[in-house]
1. Within the range 279-287, is there a residue that is of a type outside the set (D, E, K, R), in contact (Cβ under 8 Å) with a residue 60 or more places away in the chain and surrounded by 12 or more Cβ atoms within 10 Å (Cβ to Cβ)?
2. Can you name every residue in the range 80-100 that is hydroxyl-bearing (Ser, Thr, Tyr) and open to solvent by 20 Å² or more (accessible area, probe 1.4 Å)?
3. So which pairs qualify, if the first residue must be in the range 147-161 and in contact (Cβ under 8 Å) with a residue 12 or more places away in the chain, the second must be open to solvent by 10 Å² or more (accessible area, probe 1.4 Å) and outside any helix (DSSP H, G or I), the Cβ gap must be under 6 Å, and the two must be at least 6 apart or on different chains?
4. Kindly provide the set of residues from the range 1-60 that are assigned to a loop (DSSP other than H, G, I, E, B) and open to solvent by 40 Å² or more (accessible area, probe 1.4 Å), ordered by number.
5. I'd like the full set of residues that are of a type outside the set (A, V, I, L, M, F, W, C) and within 15 Å of Ile40 (Cα to Cα), limited to the range 59-90.
6. When you go through Gly136, Gly173 one by one, which is the residue that is under 19 Å from the mean Cα position of the chain (by Cα), outside any helix (DSSP H, G or I) and surrounded by fewer than 19 Cβ atoms within 10 Å (Cβ to Cβ)?
7. Can you tell me which residue in the range 140-158 is farthest from Gly178 (Cα to Cα), limited to those that are open to solvent by less than 20 Å² (accessible area, probe 1.4 Å) and over 15 Å from the mean Cα position of the chain (by Cα)?
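The values are calculated or read from the model by the stated rules, or taken from the named source; none is laboratory data. Computed from a predicted model, the values in this text were never measured in an experiment. Reconstructed Cβ throughout: ideal geometry from the backbone, glycine too, with neighbour counts over all protein chains shown. To get the accessible areas, we keep the full protein, side chains included, count just its heavy atoms, and leave off ligands, DNA and RNA. Shrake-Rupley method; radii C 1.70, N 1.55, O 1.52, S 1.80 Å.
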Amino acid sequence: MALLLRHHILLSVLIGFAVDCIVGDPEKLPHPVRWMGTLISALDVRLHRYADSPRKQRAKGALLVLCVCGATAGLSALAVSAAFRVHVLAGIAVESLMCAQCIAARNLMDASMKVFRALRDGDIPAARTAVSMIVGRDTATLSAQGITKAAVETVAENANDGVVAPLFYLLLGGPVCGMVYKAINTMDSMIAYKNRRYRFFGTVAARCDDAAGFVPARLCALAMIAAAFLFCFDGKNAWKVFLRDRYKHESPNAAQTESACAGALRVQLAGDASYKGVVEHKPLLGDALRPVEAQDIPRSDVLMYGAAGICLCAFAALRFLLVVFFASYY
């Protein structure tokens, strides 16, 4: 029992990752991210005013971030504490469920494979519909190649945001820390836009997401390069493109994994994209050593799972050693 208590977070993360790989997030089950989204929307309506000065909008945006993170941490800690008061196994079960809900590897793979199957069957309208569910860009006029690029880019970016970064924070501070990261990531996806509505109000949320993803994004990119060697992709090219293109994005984190993926697959990603009818000009990542093809979608899923497995093993081993060291030292 003492061993379980000492390593309960490590055990819960391993179980949670396995649960996500097997079942993902069933749509009919309640999910904390939906509750986070409801809270963010409610606070947005109450706090955000166009008439406020930019400084006041930023301050109110910071208040929203504090409220959402505080509520998420408090409720998560309360749930875990209540479960452990019942029994240590109940606590581990609740922690494992929370860990599984923080990780989105299976859902990301399933969503991208819907795009792949539609492309494989030659059903471009269905592929556009499927890819519109996982990207923010306009998809109505995308060609088969454009659809493929959008799906691969989403898998590459979310390999960090939805898989490696949650694993990093789960093993750093348990499910409470992991849930706070999910709250930050959810706020970024909802209010961190540089449009008229959120340009100032979403500043703090965007900065928090950049800071939270900074270290995991780089670890994920390195793990993706290692996975490229392990699964017989072009690891040398992945390393070359990563070093050259990893900062070719407005976000300090997004191009880290996208550049590694582009190099590993020997294709060119990113470039101009349309959002709500407005074309945004973005630099290209990688070299067009061959054309992008539909098969690159499952290949990107292999890289995503490979990077996740490598990071999980590395993070878990480090946590185990640190817990053993501090237990013996004190």
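1. Taking the range 279-287 as the starting set, the residues that turn out to be of a type outside the set (D, E, K, R) are 279, 281, 283-286.
Next, only the ones that are in contact (Cβ under 8 Å) with a residue 60 or more places away in the chain stay: none.
Scanning the range 279-287, I find no residue that is of a type outside the set (D, E, K, R), in contact (Cβ under 8 Å) with a residue 60 or more places away in the chain and surrounded by 12 or more Cβ atoms within 10 Å (Cβ to Cβ), so the answer is no.
2. First, pick out the residues of the range 80-100 that are hydroxyl-bearing (Ser, Thr, Tyr): 81, 96.
Within the range 80-100, Ser81 is the sole residue that qualifies.
3. So the pair list comes out as Thr148/Val292; Thr148/Ala294; Lys149/Val292; Ala150/Val135; Thr154/Ile134; Thr154/Val135.
4. Here is the first cut: in the range 1-60, the ones assigned to a loop (DSSP other than H, G, I, E, B) are 1, 7, 24-31, 48-53.
Once the filter is applied, which keeps residues that are assigned to a loop (DSSP other than H, G, I, E, B) and open to solvent by 40 Å² or more (accessible area, probe 1.4 Å), the range 1-60 yields Met1, Pro26, Glu27, Lys28, Leu29, Pro30, Arg49, Tyr50, Ala51, Ser53.
5. Pass one, the range 59-90, residues of a type outside the set (A, V, I, L, M, F, W, C): 60-61, 70, 72, 74, 76, 81, 85, 87.
Listed by number, the residues that qualify are Lys60, Gly61, Gly70, Thr72.
6. Details: Gly173 fails: outside any helix (DSSP H, G or I).
Testing whether each residue is under 19 Å from the mean Cα position of the chain (by Cα), outside any helix (DSSP H, G or I) and surrounded by fewer than 19 Cβ atoms within 10 Å (Cβ to Cβ) leaves just Gly136.
7. Here is the first cut: in the range 140-158, the residues open to solvent by less than 20 Å² (accessible area, probe 1.4 Å) are 146-148, 150-156.
From what's left, over 15 Å from the mean Cα position of the chain (by Cα): 146-148, 150.
On the way: Gly146: 33, Ile147: 31, Thr148: 31, Ala150: 27 Å.
The extreme case among them is Gly146.
Quick grid of which residues meet (1) basic (Lys, Arg); (2) without any contact (Cβ under 8 Å) to a residue 12 or more places away in the chain; (3) assigned to a helix (DSSP H, G or I); (4) crowded, with 17+ Cβ neighbours inside 10 Å:
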{"site": "Cys232", "(1), (2), (3), (4)": "no, yes, no, no"}
{"site": "Val241", "(1), (2), (3), (4)": "no, no, yes, yes"}
{"site": "Cys261", "(1), (2), (3), (4)": "no, no, yes, yes"}
{"site": "Glu293", "(1), (2), (3), (4)": "no, no, no, no"}
{"site": "Cys313", "(1), (2), (3), (4)": "no, yes, yes, no"}
